[in-house]
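The values are calculated or read from the model by the stated rules, or taken from the named source; none is laboratory data. Being a predicted model, the structure only gives us computed values, none of them experimental. Positions of Cβ are backbone-derived with ideal geometry, glycine not excepted, and every protein chain shown enters the neighbour counts. Surface areas here come from the heavy atoms of the whole protein model, side chains and all, with no ligands, DNA or RNA. Shrake-Rupley method; radii C 1.70, N 1.55, O 1.52, S 1.80 Å.
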Amino acid sequence: MACNENVIKNMANEIARNCQTHSVTVEPDFVTYLIELLLLNPKYGKLFSKTISRNNLEYFVNECVDMIIRGETAINTMKMQHVMHTNYDKLQNLIDKHLDSIERCLRPLVNEILDEDPEVADEAEFKKLFRKIAIYIVLCSGLGNPGTITTLKEGMGALESVFSLDDLRVFVALPRTEKLSQLNELMQITSGVRLFNRDCKKGGEGIPDLPFNLVDAGKACLASLSNSLISVMQRVNTLTTAVEDTITIQDETGNIAVNVKPDCDLDIDDYKKIFELLAFNRQYEVYIRKLLTDVEAMVLNGTQCVERVKFVLEELHSAVKYKAAVPVVTVYPLFTNLWQVWRAMQNVMYLISTVNRLMSILNSIQEHMRIPYNTLDKMLQGKQVISDQERMSGKVSIEERLSLGSLKNYVAYNDSTTTMREKHVQFLGFCALCLCVGALVPSNLKVGLIKSKGSRYGFCSVKMAARFSKDPQRYVHEVLDFSRNNPHVINLLNIIEEVSKVKNIDCLVTKFLAKTKLQDKDIQTETHPIDSYIEKNYSWDLWEWKRRACQWATIVNCRTHSTQTNLSHFKSEIQCQTVEPRNKCLQTNKDVGINTIPRKVFIWGLRGQIGDGQHNMDLTEPHAADKRKAHVISVCQWPCVVPEEINTSKEEP
């Protein structure tokens, strides 16, 4: 990748300056953290895959500035993560860093002590070196301020009781490595002497009552963390109840979608804001629980240290009681042991102060969050808020248990027989399918787990588990795709390694679309739905309507002409799309048919007749209903005159 550490640092500084112009103050270290998470998304990572162009750099900087200026819930979640990642670690690592920082601060003074080589006869230089050693011991031990005359005199007196000026002359002649070792040993013994004198009420200026302070600080820190945990769990339970039934599975495609209620005045953006707010509170809960567990261990360790201090002091008092002189071999190890136990209490106190400092920072971030109660009340309408314990131990029916047994790679969860390794559930124990849309819903342990490629995944319902078992990698990729597009959940779910492996894949998830359903139907309509109304001007003929339109438009009164243009030959032929006749029949309400009889007329006398006797003869046949029996037919008499009527009828037998 062309985007190395120096480039990221320069981009972070530029983004911080641009945010400053919008009156938004942001630390460059946090911007660096944000950039590293955004580069896991191919949308931004591809911008700097080979070379860095100014256009791509400007686009990326503007995107980051917009995210920070908007100050959405996701940004606050990442701020909280950055604070914990940069200021908190394993307890022993924190102690080691603290001791290293003290050593770095005192290194110039140590080098000055080790490099001193005064003349043997120069008494003033030796006293000056002795004073420097006493100052170093007071500073390194943390037992007071050497700037105070009383504390410095007490430190020099304790040092003089175990290290004389003659010993200092021998110390100067030693090699550098042995000097450093003896200086560290002197610091431990002298500090132990000062602590013993404090217990004997013969000194202890500037030394705090660490055993008492440690117990009180531990109790106060535990109480503060417990109250914060209660508050955050109330918010988490409310938010989780609001979103747990909004996730649905499309039966045909298997896509995970958010079911927005049609009767409430909410949209998908309102649901996403609640999802992000739930993620923030879940991250806050994770950190509070982690700090609470560590502080409980600190308090236990501090209590043990207090007991050990009392025991070592009792040993010292019994060793020096009623004795004018005590062998060095006997008493020096006791002083050293006393100092080591005291140093352990100092380390515990430093850890507790670190936790209190982090808690104040996290609380300041949490106070900036605002819960949209109007939206939340609409989502909680008709629901009862339940806790995670109730949600994670929901009942599973016998039919559902039987269906779970047939799932592929199904693993039943048994708290008594499952090992610690098998208890680990991917995605921090949240439902793998709900995470596809960003909803952090805890999985129900009674449903069981689905194992895929060495990892175990939990689910909030049997339906979710059944769908996941059909195609596990599809839904795992959907979670990874959502995480890299919403970087605030990457460290929350501890999946930064999984996201890093797929950061070069552009299309990680293929969305499935539902098939369009077609149906061929015949629809029967009534001929005249309204019998009482007859349109007088109705006409079925399209050309009749065109004729009427021409009349209404008075076009018939206008003269028109046609013109041949150069583009007339561009006109295409008319194409008609026909539909083949189907073997279908329709039933009408009334089946009536009329067969009319054509009119037939014969003109008599056109041929072979002289004169003007031509006339018409009606040959039209009557209707079947009008047919009559045989009757007398009169023969035409005109123009011939017949004296009497000829009777052509036949008599009936």
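Considering only protein heavy atoms, what is the solvent-accessible area of Asp471 at a probe of 1.4 Å, reported in Å² to the nearest 10? Roughly 70 Å² of Asp471 is accessible to a 1.4 Å probe.
Taking the Cα centroid of the stretch 151-183 and of the stretch 59-79, what is the distance between the two, rounded to the nearest whole Å? Centre-to-centre distance over Cα atoms comes out at 57 Å. Each peptide in 494-501, 101-108, 476-483, 13-20 gets a packing score, the mean of other Cβ atoms within 10 Å over its residues, and the list from highest to lowest is 476-483, 13-20, 494-501, 101-108. Would you mind checking the tilt of helix 54-70 against the longest principal axis of the Cα atoms of the chain, expressed as 0 to 90 degrees and rounded to 10? Once rounded, the angle reads 80 degrees. All Cα-Cα distances of the stretch 358-486, cut into 5 Å bins from zero to the largest, leave 2, 9, 16, 19, 17, 14, 11, 7, 3, 1, 0 percent in each bin in turn. Residues in the chain average 64 Å² of solvent-accessible surface per residue, probe 1.4 Å, ligands and nucleic acids excluded. For the stretch 1-82, the alpha-carbon coordinates run over 32, 25, 20 Å along the three principal axes, in decreasing order.
Radius of gyration (Cα atoms) of the stretch 140-256, expressed as a multiple of 2.2 N^0.38 Å: 2.16. Label-to-label distance, Arg357 versus Arg17, with points set 7 angstrom from Cα along the beta-carbon direction: 3.0 nm. I'd like the accessible area for Thr86, computed on protein heavy atoms only with a 1.4 Å probe and all protein chains in place. Round to 10 Å², please. Rounded to the nearest 10, the figure is 80 Å².
In this structure the amide hydrogen of Ile247, modeled in the peptide plane, comes within under 5 Å of the amide hydrogens of Asn259, none closer than 5 places in sequence on its chain.
Rounded to whole numbers, the Karplus 3J(HN,Hα) couplings from phi for the stretch 351-367 are 5, 5, 5, 5, 5, 5, 5, 5, 5, 5, 5, 5, 5, 5, 5, 5, 5 Hz, using 6.51 cos²θ - 1.76 cosθ + 1.60 with θ = phi - 60°, and x at Gly and Pro.
Using a ≥ b ≥ c from the Cα gyration tensor of the stretch 32-132 (square roots of the eigenvalues), is it rounded, prolate or oblate, where a/c under 1.5 gives rounded and otherwise the larger of a/b and b/c decides, a/b for prolate?
prolate
Legend: P(r) of the chain from all alpha carbon pair distances, 10 Å bins from 0, whole percents, reading 2, 10, 13, 13, 11, 11, 10, 7, 3, 3, 4, 4, 3, 1, 1, 1, 1, 1, 0, 0.
Rounded to two decimals, the Cα-based Rg/Rh of the stretch 211-292, with Kirkwood Rh, is 1.23.
Could you estimate the translational diffusion coefficient of the stretch 226-360 from the Stokes-Einstein equation, with Rh from the Kirkwood formula over C-alpha pairs, at 37 °C and 0.692 mPa s, in whole µm²/s? It would help to have the intermediate numbers written out before the result.
Details: Rh = 20.1 Å.
For these conditions, the coefficient is 163 µm²/s.
Over all directions, the projected convex hull of the C-alpha atoms in the stretch 82-175 averages 8.0 nm² in area.
Helix content alone sets the calculated 222 nm mean residue ellipticity of the chain: runs of n ≥ 4 DSSP H residues at -39500 (n - 2.57) each, divided across all residues, give -17500 deg cm²/dmol.
Accessible surface of the stretch 442-491, 1.4 Å probe: 49 percent of it comes from carbon and sulfur atoms.
For the stretch 319-395, the orientation-averaged shadow of the C-alpha convex hull comes to 12.2 nm² (one quarter of the hull surface).
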